[in-house]
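For reference, the structure is listed below as structure tokens.
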Amino acid sequence: MKISVIGTGYVGLIQAVGLAELGFEVVGVDIDSSKVKLLNKGECPLYEEGLESLLKKHVNKNLTFTTSYEPIKDSDVIFVCVGTPQDKDGNADLRYLISAIKKIKETIDKDKYKVVVIKSTVPVGTNRKVKELLKGYNVDVVSNPEFLREGLAVKDFFEPDRIVLGFENLENKKPIEIMEKVYEYFKSKGVPLIITDWETSELIKYASNAFLATKISFINELAKLADKVGADIKVISKAMGLDPRIGDKFLNAGIGYGGSCFPKDVNALIYQFIDNNVEPLLIKATKEVNERQIIWFFNKIKSYYKNLNGKTFAILGLAFKPNTDDLRESRAIKLIDMLLKEGAIVKGFDYVDKARENTRNLYKLKLWRDYGYNIFILDDLYETVKDVDGIIIATEYNFNKEDWEKISKLVKEKVIFDGRNVLEPEKVKKLGFKYFGVGRR
Ligand code: UDX
């Protein structure tokens, strides 16, 4: 079976490399020629654990990359993995998807049967639209959302919790059989294959992300109350999580969720509710709680110092979560922006080299112009905390493992704002630090 993958961004690249590892002959298509060049040399344009070694293993063997759509002529299955960013209203922008479908249409033979699989996250009704666009062509359109987590995407590809497949008509066995063949490896491993209709499949993706985001917002809202009354949100989460109906995952209070998925997908789901005249009460609240959480935390910092002008802070963790270089919707970046606006000086650190590099580039482009040169990204954590008025933890790395005794001697003022509740308060308090967490005594 020959497979092509359109779009070699995060989702497409993992799909292409993963399918190559499973033994398929795969062609990755992308309009970005510099990216294609890089990929054909076996170099990964993004940081994702385990991805580059798999890419190197298969590139120029059963995996190639090209800017041309021509190879899709011979493909049995075409995965569409282009981005669906947020438009100015908060809905998913389908521009790249529509353009990819048009290119498919221009390239493939009308009568040669193919399966077009939509892997991009798309609002309900999109697969139907795609089928409409391909009217008159011998194709079946399949919805196959992805559930990859950044930093764990390779693992998630090979060990998914479920594979969701949405079809136009469940009586039509041909595309179902083909997709079962593509995902045969997973089926043999006992991974549940959810075979359903287009609309259900499309909504499963949004429902899953919005539910996880809601868990986070729930615990974050509760953390504010815990903070006020002197309760410990970490113990509350732990006790709640022991009830298997609740589960302990995604109940860590902090400064809110970021990343390329949750904020965008929550927005897009709200939009889909409104579009269909259904009121999105809970999901809207999820979004609002998240937006306010960072402001609440920032106000905590502000009320401690009264005036932030001229104060220096170490921000530990820059990316939206650990083990990634991705700054999209990162709470750390939001905090940095707020601090700089108040005239503070920011020293930033992240364990991932590329996260630091991306932050440097971001501020070179975006903010130096507006806020002056008050941001410094350092390669060493101990250099970062040197002479600061306060330490702010923004990403949930295990900073416990660092030498806090050494840190206590380096800082100017011993104050920690732990935006991810990762430190052991008693340990740092013994060293003379004032500790402020999120909903912790
Ligand atoms: C998420 C989904 O997990 C994945 O299934 C989907 O395909 C894409 O979106 P990802 O964006 O990689 O994946 O990040 P995730 O690990 O889910 O974390 C998202 C955000 O939530 C991070 O900013 C993280 O800091 C925050 N978070 C997570 C919390 O604040 N508390 C938690 O308990 C868990």
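The values are calculated or read from the model by the stated rules, or taken from the named source; none is laboratory data. Just so you know, these numbers come straight off a predicted model, no measurement behind them. All Cβ positions, even for glycine, are placed from backbone atoms using ideal geometry, and neighbour counts span all protein chains on display.
Residue by residue through segment 308-348, note down the ones that are among the aromatic types (Phe, Trp, Tyr) and more than 20 Å from the chain's Cα centre (by Cα).
Of everything in segment 308-348, just one residue is among the aromatic types (Phe, Trp, Tyr) and more than 20 Å from the chain's Cα centre (by Cα), namely 313.
Name the pairs: first residue in segment 335-347 and farther than 11 Å from residue 302 by Cα, second residue in a helix (DSSP H, G or I), Cβ to Cβ under 7 Å, at least 6 apart or on different chains?
Pairs found: 335/294; 335/298; 340/371; 341/371; 346/336; 346/339; 346/340; 347/384.
All but one of (1) modelled with pLDDT of 95 or more; (2) out of contact with any Phe, Trp or Tyr (no Cβ under 6 Å at 6 or more places or on another chain); (3) over 16 Å from residue 343 (Cβ atoms) hold for residue 269, so report the exception by its number.
Checking residue 269 against (1) modelled with pLDDT of 95 or more; (2) out of contact with any Phe, Trp or Tyr (no Cβ under 6 Å at 6 or more places or on another chain); (3) over 16 Å from residue 343 (Cβ atoms), the one that fails is (2).
Return a yes/no flag: does segment 115-131 have any residue that is assigned to a loop (DSSP other than H, G, I, E, B) and either loosely packed, with under 14 Cβ neighbours inside 10 Å or on the phi > 0 side of the Ramachandran plot (or both).
Yes - at least one qualifying residue is present in segment 115-131.
Tell me, which residue of segment 344-366 that is in a loop (DSSP other than H, G, I, E, B) and in contact with a Leu (Cβ under 6 Å, 6 or more places away or on another chain) is farthest from residue 382 (Cα to Cα)?
344
When you look at residue 206, is it assigned to a helix (DSSP H, G or I) and within 12 Å of the ligand (Cβ to nearest atom), yes or no?
yes
Taking residue 309 as the residue in question, decide whether it is assigned to a helix (DSSP H, G or I) and free of Cβ contacts under 8 Å to residues at least 40 places away in the same chain.
no
Looking only at segment 400-420, how many residues end up being over 25 Å from residue 310 (Cβ atoms) and either surrounded by fewer than 22 Cβ atoms within 10 Å (Cβ to Cβ) or touching a Ser or Thr at 6+ places or on another chain (Cβ under 6 Å) (or both)?
Final tally of qualifying residues: 7.
Only residues in segment 278-302 that are of a type in the set (Asp, Glu) count as the first member; pair them with residues that are surrounded by fewer than 21 Cβ atoms within 10 Å (Cβ to Cβ), Cβ under 8 angstrom, at least 6 apart or cross-chain, and list the lot.
Taking only residues 6 or more apart or on different chains, the pairs are 279/273.
For the condition farther than 18 Å from residue 213 by Cβ, buried (at least 20 other Cβ atoms within 10 Å of the Cβ), more than 16 Å from the ligand (Cβ to nearest atom) and of a type in the set (Phe, Trp, Tyr), what is the one hit in 305, 373, 363?
It is 363.
Among the residues of segment 167-186, how many are without any contact (Cβ under 8 Å) to a residue 12 or more places away in the chain and more than 19 Å from residue 25 (Cα to Cα)?
Within segment 167-186, residues that are without any contact (Cβ under 8 Å) to a residue 12 or more places away in the chain and more than 19 Å from residue 25 (Cα to Cα) number 3.
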